[in-house]
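The structure appears below as structure tokens.
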Amino acid sequence: MAYSEKVIDHYTNPRNVGTLNKDSKNVGTGLVGAPECGDVMRLQIEVDDNNVITDAKFKTFGCGSAIASSSLATEWLKGKSIDEALTIDNMDIVEELALPPVKIHCSVLAEDAIKSAINDYRVKNGLEALELPKSHH
Ligand code: FES
């Protein structure tokens, strides 16, 4: 299967690989796995007092598309409010990276990781966890 140039770019030069302090109150951590393939993604956000995401990091043990999806997601997350971040849809990632149909679940993993990180942050800060309907397209 041929990867798009954008996937290859993110795969060979991933943005924001790393770890934030998961014990910090300002950090939300999302850890999700794809049942389809066993790949695992951890995505973390650091949020300031105005609910704006100031930093994002990821570590993905998975295919090239999953690595590219999470790398792209961290780029998109920085500077967004946590409410804006909730609107990131896996199909936006599919479109940006030109993922083929068999790789759509890799982008779903990134969307789920974002939402799970936001919920972790919310719960840590006394907010209710949001119900997150899965948007498997
Ligand atoms: Fe499963 Fe890509 S093949 S995340």
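Out of the total accessible area of the chain (probe 1.4 Å, heavy atoms of protein only), what percent is carbon and sulfur?
Exposed carbon and sulfur together represent 51 percent of the surface.
Sum up the charges of everything whose Cβ sits under 15 Å from the Cβ of Val123, counting Lys and Arg as +1 and Asp and Glu as -1, but leave Val123 out.
+1
With θ set to phi - 60°, apply the Karplus curve 6.51 cos²θ - 1.76 cosθ + 1.60 along the range 59-71 and write out the HN-Hα couplings as whole Hz, x wherever there is a Gly or Pro.
9, 10, 9, x, 6, x, 5, 5, 5, 5, 4, 6, 4
Take the chain, compute every pairwise Cα distance, and split them into 10 Å bins from 0; I just need the percent in each bin.
Spelled out bin by bin, the chain gives 14, 48, 31, 7, 0 percent.
How much length, in nm to one decimal, is gained on full extension between Lys6 and Asp48, taken as 0.36 nm per residue of separation minus their Cα-Cα distance?
Working it through step by step, the gained length comes to 12.1 nm.
Kindly state, to the nearest 0.05, the FRET efficiency for Ala98 paired with Phe61, given R0 = 25 Å and r defined as their beta-carbon distance.
With R0 = 25 Å, the Cβ-Cβ based efficiency is 0.60.
Over the range 1-41, give the accessible area per residue in Å² for a 1.4 Å probe, as an integer.
Here the per-residue accessible area is 64 Å².
The values are calculated or read from the model by the stated rules, or taken from the named source; none is laboratory data. Note that the coordinates shown come from a computational prediction; the quantities given were computed from them, not determined experimentally. All Cβ positions, even for glycine, are placed from backbone atoms using ideal geometry, and neighbour counts span all protein chains on display. All accessible areas refer to the heavy atoms of the entire protein, side chains included, with ligands and DNA or RNA removed. Shrake-Rupley method; radii C 1.70, N 1.55, O 1.52, S 1.80 Å.
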